[in-house]
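Novice: Structure provided below as structure tokens; questions to follow.
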Amino acid sequence: MSTVYELVEVSKIYRLGSVETIALMDINLKIYRGEYLAIVGPSGSGKSTLLNILGLLDKPSRGKVFLEGKDVSGLSDSEASNIRSRHIGFVFQMFNLVPWLSALENVELASSIARVSRKEAKKRARELLELVGLSHRMHHRPSQLSGGEQQRVAIARALVNNPSVLLADEPTGTLDSVTGAQIVRLLRDLTKQGVTVVAVTHNPDVASVADRTVKLRDGRVVSIE
Ligand SMILES: Nc1ncnc2c1ncn2[C@@H]1O[C@H](COP(=O)(O)OP(=O)(O)O)[C@@H](O)[C@H]1O
Ligand SMILES: [Mg+2]
């Protein structure tokens, strides 16, 4: 199995004045290509911090992060954003769609302009909206879509640059259970195409379809199974 991420002794300590918060402590973790990894744990256990480190949105205080074999623990902001745009897609609890743009435009807009022509971006956006089952809603604005449909648009948007990894923080957090289960199935299906999905969740449905579940408590891994 090929390794997408390797974390070695990763710790994250936040300092606010004289107050130190240990958000993550000595995390050792490998994440494999095409797997669906769930991250669970009580509120404040470090789930989002871990996801932000995987997404190169934050740097570890100690330890190393390797992505596709490359040490990405000490990159500059511009190097990190360059790698992010080529390798990583994000899905959030709040869908963060641009309200005045259509579903198609929201997806199209996310394609990194430098590398793809306008025409290609539109074609890819259409294909992705089909993939997430929204061909009939391309021209609707977010307010004209249900929560589940908005999250599908957000997933299509996250895939527009063909990332190898999809990072999702509570992707079903605001959805009812039936809609949430559909989103989980969609994420699950993406792994069949070789996308690695890492999803933070409180939802047992999300964790139950995962290949492995990492349980955090107080910033430490308590189990991986
Ligand atoms: N930017 C920050 N500054 C200071 N403390 C933070 C920051 N982000 C998170 N924390 C703290 O780190 C711990 C882990 O937070 P987080 O990763 O958001 O947990 P979770 O996502 O599991 O709820 C919490 O105690 C939180 O208060
Ligand atoms: Mg969180």
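Novice: Just one of 182, 193, 150 is in a helix (DSSP H, G or I) and open to solvent by 70 Å² or more (accessible area, probe 1.4 Å); which is it?
Specialist: 182
Novice: Also, I was wondering about something else. Find all pairs meeting these conditions: Cβ atoms under 8 angstrom apart; at least six residues apart or on different chains; first residue within the range 37-65 and under 23 Å from residue 173 (Cα atoms); second residue within 8 Å of ligand 1 (Cβ to nearest atom) and open to solvent by 50 Å² or more (accessible area, probe 1.4 Å).
Specialist: Sorted first by the residue in the range 37-65, then by its partner, the pairs are 58/52.
Novice: All but one of (1) of a type in the set (S, T, N, Q); (2) away from ligand 2 (no atom under 14 Å from the Cβ); (3) in contact with a Phe, Trp or Tyr (Cβ under 9 Å, 6 or more places away or on another chain); (4) open to solvent by 40 Å² or more (accessible area, probe 1.4 Å) hold for residue 21; state the number of the condition that does not hold.
Specialist: So residue 21 meets the others, but not (2).
Novice: Just need a number here: residues in the range 85-101 that are part of a helix (DSSP H, G or I) and surrounded by fewer than 15 Cβ atoms within 10 Å (Cβ to Cβ).
Specialist: 1
Novice: I've got another one for you. Note down all Cβ pairs under 6 Å where the first residue falls in the range 196-220 and is in a strand (DSSP E or B) and within 11 Å of ligand 1 (Cβ to nearest atom), the second is open to solvent by 10 Å² or more (accessible area, probe 1.4 Å) and among the acidic types (Asp, Glu), and they're at least six residues apart or on different chains.
Specialist: The qualifying pairs are 200/169; 200/170.
Novice: Out of the range 49-84, which residues are open to solvent by 50 Å² or more (accessible area, probe 1.4 Å), within 16 Å of ligand 2 (Cβ to nearest atom) and assigned to a helix (DSSP H, G or I)?
Specialist: Residue satisfying the conditions is 52 alone.
The values are calculated or read from the model by the stated rules, or taken from the named source; none is laboratory data. The shown structure was predicted, so the numbers you read here are calculated from the model rather than taken from an experiment. All Cβ positions, even for glycine, are placed from backbone atoms using ideal geometry, and neighbour counts span all protein chains on display. Accessible surface is based on the protein model in full, side chains and every heavy atom, while ligands, DNA and RNA are left aside. Shrake-Rupley method; radii C 1.70, N 1.55, O 1.52, S 1.80 Å.
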